[in-house]
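Accompanying notes for the structure given below.
Read the figures in this text as sums done on the coordinates, not as results from a lab. Values in this document were obtained by computation on a predicted structure and should not be read as measured data. Here the Cβ positions follow ideal geometry from the backbone for every residue, glycine too, while neighbour counts run over all protein chains shown.
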Amino acid sequence: MGYALSPRAQDLRKKLIAFMDEHAYKAEKTHAAQMAGMANRWQIPPIVEELKQKAKAQGLWNLFLPGHAEGLSNLDYAPLCEVMGRSLIAPEFFNCSAPDTGNMETIERYGTPEQKAKWLEPLLEGKIRSCFAMTEPAVASSDATNISCEIKRDGNSSYVINGRKWWSSGAMDPRCRIIILMGKTNPDAAKHEQQSMILVPMDTPGVKVVRPLPVMGYDDAPHGHAEISFENVRVPAENILLGEGRGFEIAQGRLGPGRIHHCMRLIGSAERALESMIARAKSRTAFGRKLAEQGVVRDHIALSRMEIDQARLLVLDAAEQMDLHGNKVARKAIAMIKVVAPRMACQVIDRAIQVHGGAGVSDDFFLAGAYANARMLRIADGPDDVHIESVAKMEIGKIEKSAH
């Protein structure tokens, strides 16, 4: 458990920190001001493309994809993801934002050469964006076997899709061109062989964005989350990923790295919240003493440091297990961090809000938006309860196996 970064990752981390200091944090206010000046919030602020070009020129691009020319191992990428996660808007500057990272990994791993040429290459170049349509409003999607969106074969040349999805992150973005959709191809197959994933171009007739879905009042424009209906949506048969009945297999391959990314970004957000908490505590006086001298605030600071470092070690361990043994072997470690990291971030950011007082729940600081994002991630990519159940089953099974 040394977790030493490779020389290349060390160099990239230094460059990322410098880029964040020089450009990304300042861009948050510019981004907000440009958004405020737009008649339509679902447009791209110029600062985004400007900083994407700067990052690409510095070689800070597509760092997330193991096996790809620019990509790093999960262990090397994790600390870089933490740096990018200090700002909610920064990951896109480096073409390392969700759900594109997960979608690119999915197409790279499971796509045909034709699918890669049509969709992966423009995604890797940052020319288009994508969304992932899995969760459904009509069923408890924490149990993915409930998913009922229909993908029906029609002859030899096409599939027809009917259903409704929601929380499709990125669908509101005007650059979103492709959807990876999970639905049911064979309701009579074995439980985990009924579902498939298929590529659906956003402009296919019958695809309709029903509404944007704000998270605790934040619309996350211009990225956004959407409810989408699919009514007799016809796509070519060659758009299926890996083959019918392979949806759960693809989901496990896709969600493992994505959960690592979410968790490391949350650690970056928590680190920034702790720094902001300390700065605020040192600058404010109440009852004759600086807040930083008050026992309760010192508790907040100390506990936050302990919890952040604990979470980081768990995430790095999961990343190393993924690199050494693959997602399947690392599934318990991945489930553990998906519970621990969002809960930790919620706790640390909440303490920082408390120390900031009324300012903490305003838009003058990044804390309120960061809290909404962290709280949402206790549900996204599988709720806490499902991951806790998975860890319990694996632990019980380990003891039962050792007893025989």
message: Rounded, prolate or oblate for segment 129-245? Axes are the square roots of the Cα gyration tensor eigenvalues, ordered a ≥ b ≥ c, and the cut-off for rounded is a/c under 1.5.
response: oblate
task: Please work out the Kirkwood hydrodynamic radius for segment 248-402, using every pair of different C-alpha atoms, and report it in angstroms with one decimal place.
output: 16.7 Å
- prompt: HN-Hα J couplings of segment 22-33 from phi, Karplus 6.51/-1.76/1.60, θ = phi - 60°, integer Hz, Gly and Pro as x?
  reply: 7, 10, 5, 5, 5, 5, 4, 6, 4, 4, 5, 5
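Across the chain, how large is the tail of the calculated P(r) beyond 26 Å, expressed as a percent of all Cα pairs?
On the way: 44643 of 81406 pairs.
Considering the chain, 55 percent of its Cα-Cα pairs are separated by more than 26 Å.
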- prompt: Near the amide H of Cys176, under 5 Å away, which other amide H atoms are found, from residues 5 or more places off or on another chain, if H is placed in the peptide plane?
  reply: Arg129
statement: Checking Ala90, Ala345, Ala292 against a Gaussian network model of the chain (alpha-carbon springs below 10 Å), the top fluctuating residue turns out to be Ala292
- prompt: Under the Kirkwood approximation applied to all pairs of distinct alpha-carbon atoms, what is the hydrodynamic radius of segment 100-189 in Å?
  reply: 14.3 Å
task: Could you go through segment 185-196 in sequence order and give the Karplus-derived ³J(HN,Hα) for each residue, using 6.51 cos²θ - 1.76 cosθ + 1.60 with θ = phi - 60°, rounded to whole Hz, and x for Gly and Pro?
output: 9, 9, x, 9, 7, 4, 3, 9, 10, 7, 9, 9
Normalised contact order of segment 248-402, rounded percent, pairs of Cα under 8 Å and 6 or more residues apart: 28 percent
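Per DSSP helix of 4 or more residues, -39500 (n - 2.57); summed, then divided by the residues of the chain. What does that give at 222 nm, rounded to the nearest 500? Can you show the working numbers first?
Details: 12 runs with 190 residues, N = 404.
-15500 deg cm²/dmol, from helical runs alone.
Count the net charge of all other residues whose Cβ sits under 9 Å from the Cβ of Met394, scoring Lys and Arg as +1 and Asp and Glu as -1. All intermediate terms of the calculation are to be shown ahead of the outcome.
Numbers: positive: Arg331, Lys332, Lys393, Lys398; negative: Glu395.
That works out to +3.
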query: So between Thr145 and Arg211, what do we pick up on full extension, going 0.36 nm a residue minus the alpha carbon distance?
result: 21.2 nm
query: With contacts defined as alpha carbon pairs under 8 Å and 6 or more residues apart, what's the relative contact order of the chain in percent?
result: 14 percent
query: Once phi is turned into θ = phi - 60°, what whole-Hz ³J(HN,Hα) does the Karplus curve with 6.51, -1.76 and 1.60 give for every residue of segment 339-351, x standing for Gly and Pro?
result: 8, 5, 5, x, 5, 4, 4, 4, 5, 5, 5, 4, 4
task: Determine the distance separating the Cα centre of segment 99-127 from the Cα centre of segment 29-58; give it in Å without decimals.
output: 24 Å
